[in-house]
Amino acid sequence: MAELVTMPKLGFDMAEGTLVRWVKAEGDKVAKGDVIAEIETDKATVEVESSLDGIMFRHLAAEDADLPVNTPIAVITAEGEEPSDEEIDALVEQAGGKPSKKPAKPESAAKAEEPKPAEKSPEPEQESGETPAGGVRSSPLARKMAEEHHIQLANVEGSGPQGRVVKVDIEAYLASQKPAGQGEAAQKGGGSPQPLSSFNLGEVPEDEVVDLSRLRQAISRRMQDSNQNFPHFFLTRSYRTGALMQLRKELNALLPESDKLSVNDFVVKAVALALRQYPNLNASLQDEKHIIRHGHVNIGVAVAVEGGLLTVVSRDADQKPIRLIAREVREMVGRAREGKVRPEDIEGSTFSISNLGMYGIESFSAIINPPEAAILAVSAVQDVPMVVDGALAVGSQMKATISADHRVTDGAEAAEFMRVLAGYLEEPMRLML
């Protein structure tokens, strides 16, 4: 029996999504669990898996279409079954959608099918009617760049998972197409120094207008709303991290390479334990008269991805050992950067951490991630001069800044939280108990 596939709701606040790419073509066999399409939401590009077995009989939506959730997008049938257009329209109407025939092919595809003069042999890279994606596994940003530069993705070697073409691959391809010889004069010995005016620094690029991705637009809306409507206050504290770094070194010496612990793993655990004592920071404002103090301590970890930022969620981090926190966060980060994020990976955080320590940042403050009440900005671990037992010495130190919503909490409470956090970070064996 024919079954409909609808635009999935990938998050409580998702209203619509973009059908980025069909992975399964019409006529392909589909098994339960197979990836059939890529959907771009406000937060990520997600691979949608089939819940049915059968044949991909018909696509009801074209690639790049923006569709509300629960809109029918495809028909999957049993092998050998061929429902009529009227039967398909009836299914769509039953699902609350508008009956429609097989979607018209995009203009680019129509042009590609036009007969070409026999005497001309097509030039793959210059063929104007062919869609650059060409069915090649690629990220949305890579496809956009390929279209802008008239690149056939089939000619680009992908470095992503399963040969997926990503932004860096397009950049590398563009670099490889530049004329050779630039900089040769600088490599030749001898001669007197050239005046600065004689150096050829290349042409100044034209101004470029870039469309904001759905993710970038969502970040813009949420951060603008938070910055304008949440009364932020900020507190910064320094933490001595010598004992933490030594414990991490000793533990990592016992672990395989795939299970190594990061500083951030210890921070997630320490923050989760400290939040137990300060429920107003593990909270969100429901309305003008009510605060929701969350029972679960779900720590959101900000992750840089192509085109923006995502927050993956370590659920019940206060109840998990650091090694499990590390493994789960590592797996979620991997899925987020590969475009395979799951809805449960990015939903439900009650407090967030933004860590820029890996970039050598000494101190910064972060914007609260609505509807949460606070976020912790973590900076780099550095060797700095400090006084130890009355004498000047070199020690390991890290700064962290909490941004909190003044409608939910106050400076004294946030300061107490930062003090308790110091107890866990500066005596890290307490995190192992």
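A short reminder: the numbers here are calculations on the coordinates, not readings from a lab. Just so we're clear, the structure is a prediction, and the values are computed from it rather than from any experiment. Positions of Cβ are backbone-derived with ideal geometry, glycine not excepted, and every protein chain shown enters the neighbour counts.
With a threshold of 20 Å on the Cα-Cα distance, the over-threshold entries among 9/340; 260/320; 320/340 are 320/340. Given in Å, the Rg to one decimal and the Dmax to the nearest whole number for the Cα atoms of the range 261-341 are 14.0, 42. Converting the Cα gyration tensor eigenvalues of the range 37-85 into ellipsoid dimensions via √(5λ) gives semi-axes, longest first, of 23, 13, 8 Å. Filter the GluC sites (Glu not before Pro) in the range 278-340 to those in DSSP coil with at most 13 other Cβ atoms within 10 Å of their Cβ, and list the result. Counting only loop positions with at most 13 other Cβ atoms within 10 Å, the GluC sites (Glu not before Pro) in the range 278-340 are 288. Taking label points 7 Å from Cα along the Cα-to-Cβ direction, residue 288 and residue 433 give a separation of 4.6 nm. The gain in end-to-end length when the residue 157 to residue 209 segment is fully stretched comes to 16.0 nm, 0.36 nm per residue minus the alpha carbon separation. Of the GluC sites (Glu not before Pro) found in the range 25-68, those in coil by DSSP whose Cβ has at most 13 other Cβ atoms within 10 Å are 26. Other residues whose C-beta falls under 13 angstrom from the C-beta of residue 353 contribute a net charge of -1, scoring Lys and Arg +1 and Asp and Glu -1. Using only alpha carbons, the range 3-94 has a radius of gyration to Kirkwood radius ratio (Rg to Rh) of 0.96. Here the residues 320, 29, ranked from fewest to most Cβ neighbours within 10 Å of their Cβ, fall in the order 29, 320.
Amide H contacts of residue 6 (H built 1.01 Å from N, in plane; Pro and chain starts excluded): 73 sit under 5 Å, all sequence-distant by 5 or more or on other chains. Note on residue 26/residue 232: beta-carbon distance plugged into 1/(1 + (r/R0)^6) with R0 of 56 Å gives a FRET efficiency of 0.65. If you take the Cα centroid of the range 289-332 and the Cα centroid of the range 15-67, the two points sit 28 Å apart. Once the convex hull of all Cα atoms in the range 201-334 is built, its volume per residue stands at 222 Å³.
Kirkwood radius and radius of gyration were both taken over the C-alpha atoms of the range 284-433, and their ratio Rg/Rh is 0.99. If you take all other residues with their beta carbon under 12 Å from the beta carbon of residue 29, and give Lys and Arg +1 and Asp and Glu -1, the sum is -3.
With q set to 0.24, 0.25, 0.29, 0.31 Å⁻¹, the log10 of I(q)/I(0) for the range 132-174, from the Debye formula over equal scatterers at the Cα positions, is -0.65, -0.71, -0.99, -1.16.
Full extension of the chain between residue 406 and residue 3 gives 140.0 nm of extra length, using 0.36 nm per residue less the Cα-Cα distance. Subtracting the Cα-Cα distance of residue 246 and residue 384 from 0.36 nm times their residue separation leaves 48.1 nm of extension gain.
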